[in-house]
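Notes follow the structure.
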Amino acid sequence: MSDLKTGLSEAAAAAFAALGLPADNARVTPSDRPDLADFQSNGALAAAKRAGKNPREIAAAVAEKLQGDPRLASVEIAGPGFINLKVSDAALSQRADQIAADPRAGGELVPEPRKVLVDYGGPNVAKPMHVGHLRSSIIGEAIKRLYRFRGDVVIGDAHFGDWGYQMGLLIGAVCDEDEAVRAEVERLNAAADLPAEWMTSLEPEVFGKVSLADLDRLYPQAAAKGKEDPAYRDRARKLTAELQAKKPGAYLLWRQFAKVTRVALERDFHALGVDFDLWKGESDVDDLIPSMVAELADKGLLVEDAGARIVRVAREGDKRELPPLLVVSSEGSAMYGTTDLATILDRKNSFHPDQVIYCVDQRQADHFEIVFRAAYLAGYAQEGQLEHIGFGTMNGPDGKPFKTREGGVLKLNDLIQMTRDKARERLLEAGLGENLPEAEFEDIAGKVAVAALKFADLQNFRGTSYVFDLDRFTSFEGKTGPYLLYQAVRVKSLLRKAEGEGAVGGPVAVTEPAERDLVLTLDAFDAALVEAYDKKAPNAVAEHAYRLSQSFSKFYAACPILSAEPAVRASRLTLAQATLRQLEQALDILGIAVPDRM
Ligand code: ARG
């Protein structure tokens, strides 16, 4: 089942071929002038150029062949040789029936499903999440859902940052503050070999008191001290190396950090409608590192450099010199790039992905280029299988990455609370949800908040930065998430009312211009999905959702539904059902859920 554009492209290709012209020029696209036509083909111009003929003559010959196509109401030639196509009401009606009956709402499956891993979110132990993590989570979740909807086998992995220098900083800071913790770390460290199962099950009581609030308080202080004081930094590096060597005290204290952080993170992500299939961390590949390092050395890729071991990745013809990958630091520690390289190997062994998509802040572009090149050199992936999808930042009014009024990092949890508060306010202002039970109202406010944040982000091409503006994001008017939810809820309530009156959908019979426009918009869903998929740009789906609700809105204003005579009413109800399903599907891909009422 294909959309009209594809069907008409095939007809045009056949017409070009029948005239002995190359069919690759035949592509049909939505018309630039919707007032004149639904679709157009500009192929005659290119074909004429190649054949050294008059483009209008070629267009006329192609048009003549297309004339008899039952799907077309008219075929006209315009300008230097454009072919303008207007689809018949009957063909539109038939296509609408098809979409209405399709559980996939007109979205096709990829011809060959692939295995794709999406690495997104990327939260860290103790370091608060910043706006980069927010965008990564929103965009990554949408890409995961889009790929899955189109039929790929997709795994989303949070790639928890839990094995780097910040761990050493924290171990030091917690020990400095709490003598009992320090003594326990030392006591356990002295017990050189603990049985492996103790290392994963032992939870020393003194460590149990270390809370997320402690880490939140201590981390910024420790990070600042580490920047100023080389001795403090060296100790943190040493402690990181001890952790990575799995000294029991350091390791078990670190497990407590990871545990309390993860509980809070899962709560925040859940509130944002972001769900990972895997919560693997950098630490999970630690066991692979020694053999990986040995293998890199065997392959002649590892070079000694001032006490550290590196892989050089610069290539001839590089415009800029790329630094090498630091595999083992002079303290003997694994670095950010080391765990990333080992993770590529781990994913290859466990999942054999055809593609790995890293949804991470554009500022890490070089890091990924370096890691990917090392992975290709080591044979852990084939050139092109690893892809970094960067994005711009969410900025404050000053044009710099968003900060709180106090100048700090905005915590995701605070952002969600703040948006929820605003959503409640907005709902009440609009007279929505007032009479609903408390719990339902809260659920709606949560959905409006998520829709506001996600749509504000996803309506932009991911490379573009945008300004955080809670008032605008939460408005029920304009191109916003709450507007789309409101439109979807309006259709739901119309359909409930129809059901109450015993009115049911029936075959679509398109007659009015607003009906034509709505069906053409419904038909454009698959093209939006393909564009979003190919460019890894969910904004194409966001754009479609917005266009669809606008088109429905016009239809709703121009075409009475429940008061129409039965056959017309049945046709329009089917259009409303198809719209709702497609709109909910598009929003679901964006990670936005629609309440039943509002
Ligand atoms: N934890 C990292 C950060 O906060 C992001 C992780 C991204 N993914 C990866 N495979 N490196 O910057």
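No value in this document is a laboratory result; all are computed from the given coordinates. Everything numeric here is computed off the predicted structure, so don't read it as measured data. Note that we place each Cβ from the backbone using ideal geometry, even for glycine, and neighbour counts take in every protein chain shown.
Comparing F473, I416, S211 along the charge dipole axis of the chain, the residue lying farthest to the positive side is F473, per the Cβ-charge model. The alpha carbon gyration tensor of segment 262-364 gives principal lengths a ≥ b ≥ c with a/c of 1.5 or higher and a/b greater than b/c, which makes the shape prolate.
Neighbour counting of Cβ atoms within 10 Å sorts the residues H388, H352, fewest neighbours leading, into H352, H388. Binning all Cα-Cα separations of segment 321-397 at 10 Å, short to long from zero, yields these whole-percent fractions: 18, 47, 26, 8, 1. For the charge dipole of segment 258-317, defined by +1 on Lys and Arg C-beta atoms and -1 on Asp and Glu C-beta atoms about the Cα centroid, which residue among A308, F276, V293 has the Cα displaced farthest towards the positive pole? Checking the options against the dipole of segment 258-317, the answer is A308. Relative to the current alpha-carbon distance between R315 and E64, full extension at 0.36 nm per residue lengthens the span by 84.8 nm. Based on DSSP H segments of at least four residues, each scored -39500 (n - 2.57), the chain has a per-residue ellipticity at 222 nm of -18000 deg cm²/dmol.
Dipole magnitude for segment 165-271: computed about the Cα centre from +1 point charges on Lys and Arg Cβ and -1 point charges on Asp and Glu Cβ, it is near 320 debye. Placing dummy labels 7 Å off each Cα toward the beta-carbon, the span from A297 to E205 is 4.5 nm. Taking the DSSP bridge list for the chain and keeping only pairs wholly inside it, about 55 percent are antiparallel. Of the peptides 222-235, 273-286, the order by per-residue mean of other Cβ atoms within 10 Å, starting with the highest, comes out as 273-286, 222-235. Computed across segment 120-187, the Kirkwood hydrodynamic radius from all distinct Cα-Cα pairs reaches 14.5 Å. Let a ≥ b ≥ c be the square roots of the eigenvalues of the Cα gyration tensor of segment 180-274; is it rounded (a/c under 1.5), or, if not, prolate (a/b larger than b/c) or oblate? Since a/c reaches 1.5 but b/c is at least a/b, the shape of segment 180-274 is classed as oblate. Of all aspartates and glutamates in the structure, the ones whose alpha carbon falls short of 17 Å from that of K400, not counting any fewer than 8 places away in one chain, are D361, D457, D469. Distance between the C-alpha centers of segment 451-515 and segment 377-437? Whole Å please. Taking the Cα centre of each part, segment 451-515 and segment 377-437 sit 20 Å apart. Give me the mean projected area, in nm² to one decimal, of the convex hull enclosing the Cα positions of segment 4-87. Mean projected area for segment 4-87: 4.6 nm², to one decimal. Rg then Dmax, both in Å and based on the Cα atoms of the chain: 28.9, 91.
Here the alpha carbons of segment 334-451 define both size measures, Rg and Dmax, at 21.3, 63 Å. Given a Förster distance of 60 angstrom, what is the FRET efficiency for D534 paired with K238, based on the Cβ-Cβ distance and rounded to 0.05? Computed FRET efficiency for D534 and K238: 0.80.
Using a cutoff of 8 angstrom between alpha carbon atoms and counting only pairs six or more residues apart, the relative contact order for segment 445-598 works out to 35 percent.
Annotation for R597 and L194: the two label points, set 7 Å from Cα along the Cα-Cβ direction, are 5.5 nm apart. Counting neighbouring beta carbons within 10 Å and listing from fewest to most, the residues S333, S465, S350, S563 come out as S563, S350, S465, S333.
Spatially close Lys pairs in segment 165-271, defined by Cα atoms under 22 Å apart and a spacing of eight or more places or different chains, total 9.
Within the same chain, aspartates and glutamates fewer than 8 places from K319 are excluded, and of the rest, those with a Cα less than 20 Å from its Cα are D366, E369, E383, E387. Simple point charges give the picture: +1 on the Cβ of Lys and Arg, -1 on the Cβ of Asp and Glu, and for the chain a dipole about the Cα centre of about 1200 debye. Multiplying the residue separation of D287 and E228 by 0.36 nm and removing their Cα-Cα distance gives an extension gain of 17.9 nm. Separation of segment 126-148 and segment 252-311, taken as the distance between their Cα centroids, equals 18 angstrom. Were the residues from L322 through K403 laid out at 0.36 nm apart, the gain over their Cα-Cα distance would be 26.1 nm. Does anyone have the angle between helix 289-298 and the longest principal axis of the chain? Alpha-carbon axes, 0 to 90°, nearest 10? Approximately 80 degrees, to the nearest 10. Modelled this way, with points 7 Å down the Cα-to-C-beta line, the labels at A567 and D176 are 8.3 nm from one another.
Separation of the alpha carbons by more than 21 angstrom is noted, of K115/K535; K411/K535; K144/K454, for K411/K535. Shape analysis of segment 13-153 places it in the prolate category; the axes a ≥ b ≥ c from the Cα gyration tensor give an a/c of at least 1.5, with a/b above b/c.
Note: relative contact order over the chain, using C-alpha pairs below 8 Å and six or more positions apart, is 16 percent.
Cβ crowding within 10 Å, taken as a proxy for footprinting-reagent exposure, orders K53, K492 from fewest neighbours to most as K53, K492.
Using the Cα coordinates of segment 419-589, the gyration tensor eigenvalues translate into equivalent-ellipsoid semi-axes of 28, 22, 12 Å, sorted from longest to shortest.
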